[in-house]
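Below is one structure, written out as structure tokens; the observations come after it.
Every number in this text was worked out from the coordinates using simple rules, so none of it is lab data. Keep in mind that this is a model prediction, so the values were computed, not measured. Neighbour counts run over all protein chains shown; Cβ positions are idealised from the backbone, glycine included.
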There are 2 protein chains.
Amino acid sequence: MQLRIPGPTPIPDEILQAMTTQMINHRGPQFAEMIHKATDILKTMFQTKGDVFLLTCSGTGGMEASVVNTLSPGDKVLVVANGAFGDRFAAIAEIFGAQVERLSFEWGTAVDPQEVRRALSQDASIKAVLVTHNETSTGVTNDLEAISAVVREYEKLLIVDAISSLGCIDLPTDEWGCDVVITGSQKGWMAPPGLAMVSVSERAWQAQAQAKMPKYYWDFAKAKSFLEKGQTPWTPAVSTVYALDTALELFQREGLKNIVARHARVGAKARAEVKSLGLSLFPDDSCASNTVTAVQVPEGLDSKKLLKILREEYDTVLAGGQQRLDGKIFRIGHLGYVTEKDIDAVIEALKAALPQAGFSV
Amino acid sequence: MQLRIPGPTPIPDEILQAMTTQMINHRGPQFAEMIHKATDILKTMFQTKGDVFLLTCSGTGGMEASVVNTLSPGDKVLVVANGAFGDRFAAIAEIFGAQVERLSFEWGTAVDPQEVRRALSQDASIKAVLVTHNETSTGVTNDLEAISAVVREYEKLLIVDAISSLGCIDLPTDEWGCDVVITGSQKGWMAPPGLAMVSVSERAWQAQAQAKMPKYYWDFAKAKSFLEKGQTPWTPAVSTVYALDTALELFQREGLKNIVARHARVGAKARAEVKSLGLSLFPDDSCASNTVTAVQVPEGLDSKKLLKILREEYDTVLAGGQQRLDGKIFRIGHLGYVTEKDIDAVIEALKAALPQAGFSV
């Protein structure tokens with residue numbers, strides 16, 4: 001099967017095999033060795049000297065953890081949103097009592113760093129900025145380098161949803177001054193879902209010490225004190241750690257620069273091939289993501305039918321649009337275990353299926 | 001290796017193999033079929049006609065979810081605690097703003113249902129009772145049937161940590177009127193950690209509709225609406241669902257009654273064999289658990305040394321004591337994939353290792 005959604009992503013065989021490893025004591029020396037090794041490699045992939053923790057949850061759990069560890073009810077936060085996952089960040093912050101100021105951009109466009117500057121210059125009471133690096137719902141990568149420069153200028157806390165970017169698209173956490181960065185095992189990491197990985201900067205720790213939102217399961221301070229013993233506070237998803245541990249060896253072998261370059265090549269190819277079919281990208285080329293390509297549904301094309309035909313007749317699984325983009329776009333995931341050949345296979349399937357769903361190639 | 005801690009527990013080979021299944025779309029028809037099937041079997045194991053959800057987290061996440069879904073800040077709750085996990089329940093409720101009244105029993109003893117009655121009769125403002133069915137930290141199983149009868153008499157909400165009991169020790173959720181029951185995939189379920197399973201009664205839903213503690217990731221209402229589509233709100237731990245799905249087939253094949261009887265036999269054997277070594281149980285026989293046996297560390301025995309020798313020389317992994325029981329007890333886990341033969345192997349290892357650690361058998 002060609003599973004080409006933006007996560008879960010296909011898993012190399014040796015990583016699947018790693019999961020047949022029998023259980024071990026999650027408070028024993030073998031687990032300690034594994035989590036220390038995985039954490040060390042993750043730090044090089046996050047490009048951080050800060051802390052990195054494994055949380056047993058999906059990416060959304062990691063987002064919630066980043067909010068409740070750094071903020072107090074009543075804190076004003078600027079949520080920079082240009083898609084469903086930016087909105088999710090705002091919803092989480094609001095539910096936990098933050099005063100959320102939304103800076104929204106049209107779905108399919110990128111965040112304008114100058115607008116972030118304007119928002120921060122107009123309101124000194126903003127404590128933190130929450131931003132999506134790669135907006136999976138629209139296939140847009142925001143210019144996090146420029147956004148983070150603005151946030152640093154105003155000395156705000158910067159919390160980054162990098163769930164579908166980290167390990168695929170360059171994100172030098174420390175260099176750009178990102179305080180909490182979140183990713184998920186089932187995205188670029190070639191592992192199954194079940195682990196969120198988060199980095200925590202010195203500034204984030206200072207915020208953590210003051211933060212009053214209620215937290216128990218997500219408490220970064222507990223994660224830190226247990227990691228010092230090679231443990232997690234609560235029983236971790238051991239099999240998923242086996243998988244991630246093996247995946248990180250492959251990451252180390254290929255090297256982050258090569259991985260980022262591969263995703264750039266594959267992303268560029270996906271966009272070029274989609275256009276060659278006579279289809280249009282949903283976002284502008286200038287901000288189109290290297291991990292997920294969002295394609296506009298042209299007149300005449302029944303996208304639900306297309307996805308069904310692709311799945312049932314061509315063994316190819318693509319993703320539809322979320323929320324207001326339901327039926328308006330479809331999405332091709334190309335992150336993690338992916339090469340140009342996988343794009344060829346998807347395009348071949350699309351060539352065959354598109355006419356069956358009402359669109360003449 | 002003989003992994004005999006109270007979770008993670010050993011996994012049968014066919015369940016390990018299930019995890020080599022390639023990723024699928026967690027919003028596609030194949031996943032929907034799998035989660036519906038798993039949920040249906042789980043309902044028979046929970047002995048409930050209520051809702052059952054899979055949450056991607058450890059058991060502690062399930063405990064947090066049960067609190068934030070049913071309570072509001074300021075609500076008075078009675079936490080009935082006789083060990084580390086009862087204390088954990090109290091800590092979670094307190095952190096999220098509940099007014100916690102603790103009814104504590106000495107570690108190693110069972111909860112006295114009459115004391116629960118007294119507490120409830122003295123304070124009509126108590127809204128909910130939080131109780132541990134099987135206290136993993138002390139090897140005690142509480143008389144949940146009697147406790148639940150009292151809670152029903154006073155018409156309070158009953159939230160049960162059954163993390164290390166459900167699927168091993170009889171717990172008829174509906175018959176006993178338990179409103180939220182929590183278990184974890186790595187305990188009796190023969191699957192890896194990463195999933196908590198929770199049941200939600202009609203009364204719990206009424207509480208949920210009123211509950212004001214902040215929740216996003218844990219929101220049962222979202223879990224319900226997504227399960228209707230055969231999905232989870234957030235990307236689930238797909239590989240762990242594969243494992244659980246396979247494990248539940250084995251559960252169905254063996255039958256709950258047989259499984260409960262097997263744990264009773266294995267538990268009785270563990271207790272008898274431990275005593276035959278000249279050691280004493282930590283709890284009284286009358287409340288000793290069928291899933292974990294807590295053994296008192298006699299004078300002269302260095303329990304840390306014992307565990308190390310067992311691990312390094314006899315390939316047998318037992319658990320120490322937690323918190324105030326550190327060095328005072330050690331624990332043998334016998335839940336999930338376990339038969340009498342596994343107890344024989346543990347006892348043989350103990351026979352050899354005990355003298356090396358200062359205790360003459």
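In this simple spin-label approximation, B:S72 and A:E106 carry label points 7 Å from Cα along the Cα→Cβ vector, and these lie 4.3 nm apart. Converting phi to 3J(HN,Hα) with the Karplus coefficients 6.51, -1.76 and 1.60 and the offset θ = phi - 60°, the stretch B:181-190 yields 10, 10, 9, x, 4, 8, 9, x, 8, 6 Hz in sequence order, with x at every glycine or proline.
Over the stretch B:20-93, the Kirkwood radius and the radius of gyration, each from Cα atoms, give a ratio Rg/Rh of 1.09. Sparsely packed loop sites in the stretch B:233-303 (the GluC sites (Glu not before Pro) outside DSSP H, G, I, E and B with at most 16 other Cβ atoms within 10 Å) comprise B:E299. Dimensions of the stretch B:248-311 along the principal axes, based on C-alpha atoms and rounded to the nearest Å, stand at 46, 28, 16, largest first.
If R0 is 56 Å, the Cβ-Cβ spacing of A:Q323 and B:S360 corresponds to a FRET efficiency of close to 0.20.
Taken residue by residue and averaged, Cβ atoms of other chains lying within 10 Å of the Cβ of B:53-60 number 5.
Taken over the stretch B:1-63, the alpha-carbon convex hull comes to 142 cubic angstrom per residue.
Close amide H partners of A:V292, meaning residues 5 or more places away or on another chain with modelled amide H under 5 Å apart, are A:H334. Largest GNM mean-square fluctuation across A:G188, A:G108, A:G28, computed for chain A with C-alpha springs under 10 Å, falls on A:G28. Summed over all non-identical Cα pairs, the Kirkwood treatment of the stretch A:209-254 gives a radius of 12.6 Å. Placing a label point 7 Å from Cα along the Cα-to-Cβ axis, A:E175 is separated from the same position in the other copies by 6.5 nm, shortest listed first.
Centre-to-centre, using Cα atoms only, the stretch A:1-33 and the stretch A:165-198 are separated by 17 Å. Comparing mean-square fluctuations of B:K341, B:K187, B:K37 from a GNM of chain B with C-alpha springs under 10 Å, the top value falls on B:K341. Sorted shortest first, the separations between the B:Q252 label point and its copies elsewhere in the assembly read 4.2 nm; each point sits 7 Å from Cα along the Cα-to-Cβ line.
For the stretch A:56-190, the Kirkwood hydrodynamic radius comes to 14.5 Å, computed from all pairs of different C-alpha atoms.
Here r is the Cβ-Cβ distance between A:E228 and B:S121 and R0 is 60 Å; the resulting FRET efficiency, rounded to 0.05, is 0.85. Could you please state, rounded to a whole Å, how far the C-alpha centre of the stretch A:54-87 is from the C-alpha centre of the stretch A:96-146? Taking the Cα centre of each part, the stretch A:54-87 and the stretch A:96-146 sit 13 Å apart. Beta bridges from DSSP with both residues in chain A: antiparallel share about 50 percent, rounded to the nearest 5. Working note: Cα atoms of the stretch B:1-124, range along each principal axis, descending, whole Å: 55, 37, 27.
Cross-link pairs exceeding 24 Å between alpha carbons, from the set A:K215/B:K212; A:K76/B:K229; A:K187/A:K257; A:K37/B:K328; A:K215/B:K37; A:K49/A:K229: A:K76/B:K229; A:K37/B:K328; A:K215/B:K37. Taken over the stretch A:256-356, the percentage of Cα pairs per 10 Å bin, counting from 0 up to the bin with the maximum distance, is 15, 51, 29, 4, 0. Binning the C-alpha pair distances of the protein assembly as shown at 20 Å intervals from 0 yields a P(r) profile of 18, 50, 28, 4, 0 %, listed from the shortest bin outward. Our analysis of the stretch B:13-253 gives Rg over Rh at 0.97, with the two radii drawn from alpha carbon positions and Rh computed by the Kirkwood formula.
Counting Cβ atoms of other protein chains within 10 Å of each Cβ in A:89-98 and taking the mean gives 2. Rounded to whole numbers, the Karplus 3J(HN,Hα) couplings from phi for the stretch B:27-32 are 10, x, x, 5, 5, 4 Hz, using 6.51 cos²θ - 1.76 cosθ + 1.60 with θ = phi - 60°, and x at Gly and Pro. Distances, shortest first, from the label point of B:A352 to those at the same position in the other copies read 5.9 nm; the point lies 7 Å along Cα to C-beta.
Taking a straight Cα-Cα cut-off under 19 Å and skipping sequence neighbours fewer than 8 places away in the same chain, the aspartates and glutamates within cross-link reach of B:K341 are B:D13, B:E254, B:E273, B:D315. Taking every DSSP bridge with both residues inside the stretch B:114-182, close to 20 percent are antiparallel. Beta bridges assigned by DSSP with both partners in the protein assembly as shown are antiparallel in approximately 50 percent of cases.
Our coupling estimate for the stretch B:9-14, obtained by passing each phi through the Karplus curve with A = 6.51, B = -1.76, C = 1.60 and θ = phi - 60°, is 10, x, 10, x, 4, 5 Hz, Gly and Pro reported as x. Neighbouring Cβ atoms from other chains, within 10 Å of the Cβ of residues in A:307-314, number 1 on average. Once you reduce the stretch B:213-236 and the stretch B:310-361 to the center of their Cα atoms, the two points are 40 Å from each other. Taking A:H26, A:H263, A:H334 in turn, the Gaussian network model of chain A (Cα-Cα springs below 10 Å) assigns the largest fluctuation to A:H26. Rounded to two decimals, the Cα radius of gyration of the stretch B:178-304 over 2.2 N^0.38 Å is 1.43.
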